[in-house]
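So the structure is just underneath, and the comments pick up after that.
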Amino acid sequence: MPRYDYKCLSCETSYEITHKITEEPEILCPKDNVICKRQIAKNVMFETPMDAEWNDDPRTLSAKSLAQRKKASKQKYRW
């Protein structure tokens, strides 16, 4: 489940809250009882498996090409 940063508009205290992406909860600051505003994260990293692209039918690839494709699918690509 994703974590979101919230900041109190009154005391400027930051909180990290976990909730579903489809939810938009109303987060109250425990100190002031003021509604907190969700912040845009500065450090976001996505990690996806790499994939090999080819123009030919994958069934006709050589053993070396298949091995390279399997190796690439196990590696992670960060962006």
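The values are calculated or read from the model by the stated rules, or taken from the named source; none is laboratory data. All values derive from a computational prediction rather than experimental measurement. Virtual Cβ from ideal backbone geometry, glycine too; neighbours counted across all protein chains shown.
Among the residues of the range 40-70, those identified as closer than 30 Å to Asp5 by Cβ and either among the aliphatic types (A, V, I, L, M) or at pLDDT 90 or above (or both) are Ile40, Ala41, Val44, Met45, Met50. Taking the condition modelled with pLDDT of 75 or more and exposed (fewer than 13 other Cβ atoms within 10 Å of the Cβ), does Pro25 pass? Yes: the conditions hold for Pro25.
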